[in-house]
Amino acid sequence: MSEAELPVLDIATEGTGKRFIECVQCPGERWHSVIVRATIKTEVENAFSEDGYEVVRCDGCMSVSFYERSSVGTAGEPSIVLKEVLHPPRRDRNARKMNDGSRRLPEQVGTIYAETILALNNGMSLLAGMGIRALVESVCKHKRIKGRNLKERIDGLADAGILGSTEAKHLHRLRFLGNKAAHEMKQPSRLELSSGLDVADHLLMTAYLLAEKAKRLPSRGR
């Protein structure tokens, strides 16, 4: 490698500009001031690659982040960005959110619920599928529903009046989803998992949260 091809490091701390990127605290994209920038550029004949590392600060909330960018290009042409990364990682706007009443769930049920959503949002579909099944199991256990297997315990939820018969049928489909993930190692799709959590949210609402909301309503007429 000739001297002209050696990587060149450039560090700047003044007049380094701004970036319009997603803030770690503020909602959406915001202007960030670049506090310090380090750039490593490698040129080979007519082409180049460039890796940039920046410490940036939001002009609104003043929170600090680390911005990383890699690009390639040729002389006289616009560069092509290969990678842009922000640290801490930004929340996926399509990420699944927890039910508003999740903090009022029993501890074990709430823990399984939170970890299942975490698995879904991080692309761990097998774990998310198993988590949905475990969530149903944990509700049955907390409600002291007896049965030799999950099928019987789901039917027991309906017999105890916690769920209706139609809702129990939906839960059986969750059982099938969880069985495929746990026993057959088949990865559920994002749509299947999202639909499964919709059903699970309904279960949690019916089994725990609806009664609490009903207590806020008048118990007798005038």
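For region 3-87, take the alpha-carbon Rg, divide it by the Kirkwood Rh, and send me Rg/Rh.
1.04
What nm distance separates the two modelled labels at GLU77 and LYS169, each placed 7 Å from Cα along Cα→Cβ?
Once both label points are built, they end up 6.0 nm from each other.
Identify which of ARG153, ARG175, ARG57 has the largest mean-square fluctuation in a Gaussian network model of the chain, with springs joining Cα atoms closer than 10 Å.
Looking only at ARG153, ARG175, ARG57, the largest GNM fluctuation is found for ARG57.
How do the peptides 44-52, 81-89 rank, highest first, by the average count of neighbouring beta carbon atoms within 10 Å per residue?
Top to bottom by mean Cβ count within 10 Å: 44-52, 81-89.
Nearest 10 degrees, 0 to 90: what angle lies between the long axis of helix 150-159 and the longest principal axis of the chain (Cα atoms)?
Between helix and principal axis, roughly 60 degrees.
Take peptides 103-111, 159-167 and line them up by average Cβ neighbours within 10 Å, highest first, as a rough protection proxy.
Highest-to-lowest ranking by the protection proxy: 103-111, 159-167.
Sorted by mean Cβ packing within 10 Å, highest first, what order do the peptides 20-29, 139-148 take?
Put in order of decreasing packing, that is 139-148, 20-29.
Listed here are the pairs LYS151/LYS180; LYS141/LYS186; LYS143/LYS180; LYS151/LYS186; which of them are more than 23 Å apart at the Cα?
From LYS151/LYS180; LYS141/LYS186; LYS143/LYS180; LYS151/LYS186, over 23 Å: LYS141/LYS186; LYS143/LYS180.
Need the full-extension length gain, GLU184 to CYS61, defined as separation in residues times 0.36 nm minus the C-alpha distance. One decimal, nm.
Taking 0.36 nm per residue and subtracting the Cα distance, the gain is 39.5 nm.
Please work out which option in (1) 79, 51, 26; (2) 52, 45, 32; (3) 58, 43, 32 gives Cα extents along the principal axes in Å calculated from these coordinates, and answer with its label.
(1)
Along the positive direction of the dipole of region 45-129 (beta-carbon charges: Lys, Arg +1; Asp, Glu -1; about the Cα centre), which of PRO88, SER125, GLY101 reaches farthest?
After comparing all options, I get GLY101.
Three principal axis extents, largest first, for the C-alpha atoms of region 102-214, in Å?
That gives 35, 30, 21 Å along the principal axes, largest extent first.
Using θ = phi - 60° and the Karplus relation 6.51 cos²θ - 1.76 cosθ + 1.60, list the HN-Hα couplings for region 169-181 in order, rounded to whole Hz, with x at every Gly or Pro.
4, 5, 5, 4, 5, 5, 4, 5, 4, x, 5, 5, 6
Pull out the extension gain between THR13 and PHE176, defined as 0.36 nm times the separation in residues minus the alpha carbon to alpha carbon distance; nm, one decimal.
Net length gain for the segment: 52.9 nm.
Only the coordinates and a few stated rules stand behind these numbers; no lab work does. Since this is a predicted model, take the numbers as computed values, not measurements. Backbone-built Cβ (ideal geometry, glycine too); neighbour counts: all protein chains shown.
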